[in-house]
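Asks: Attaching a single structure in structure tokens format; questions to follow.
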Amino acid sequence: MAIGFVLISTAPGKEHEVYNELKKIPEIVELHPLFGEFDLIAKLDTKDFNELGTIVVEKIRMIDGVIDTKTLTGIKF
């Protein structure tokens, strides 16, 4: 299992559209709007880090209105 947090910047005025598209991705288990440098944060739960990377590159970054992402990986102590 791999946990990832993806910080997402959207084009101005596209926050709601991007949010609604992200809600369709089953691996996103939490999604929250933000104020500041990034517009949204998504928590992903995937089987491994390869799948995490694939979802970020092939699903999240392909959404119209997404202009930048930053992915943070989580671990268990």
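Asks: Set the Förster distance to 25 Å, then compute FRET efficiency between LYS24 and LYS76 from the Cβ-Cβ distance, nearest 0.05.
Replies: 0.35
Asks: Where in the stretch 16-77 are there GluC sites (Glu not before Pro) that are in a DSSP coil and have at most 10 other Cβ atoms within 10 angstrom of their Cβ?
Replies: In loop regions of the stretch 16-77 (DSSP not H, G, I, E or B), the sparsely surrounded GluC sites (Glu not before Pro) are GLU37.
Asks: Using 13 Å as the cut-off for backbone N distance, which residues of the stretch 1-27 belong to the label zone defined by a point 7 Å from the Cα of GLU51 along Cα→Cβ?
Replies: Backbone N within reach: 1-4, 26-27.
Asks: Let me ask another. Once phi is turned into ³J(HN,Hα) by the Karplus curve 6.51 cos²θ - 1.76 cosθ + 1.60 with θ = phi - 60°, what whole-Hz value does each residue of the stretch 69-77 show in order, with x for glycine and proline?
Replies: In residue order, the calculated couplings are 9, 9, 9, 10, 9, x, 10, 10, 7 Hz.
Asks: Still on this structure, please answer the following. What number, rounded to the nearest 500 deg cm²/dmol, is the helix-based mean residue ellipticity at 222 nm of the chain, given -39500 (n - 2.57) per DSSP H run of at least four residues and division by all its residues?
Replies: Taken over the chain, the calculation gives -5000 deg cm²/dmol.
Asks: Using Cβ counts within 10 Å as a stand-in for footprinting exposure, how do PHE38, PHE77 rank, fewest first?
Replies: In order of increasing Cβ crowding within 10 Å: PHE77, PHE38.
Every number here is computed from the coordinates shown, using simple stated rules; none is lab data. As the structure is a prediction and not an experimental result, all values here were calculated from the model. Every residue, glycine among them, receives a Cβ derived from its backbone with ideal geometry; neighbour counts consider all protein chains shown.
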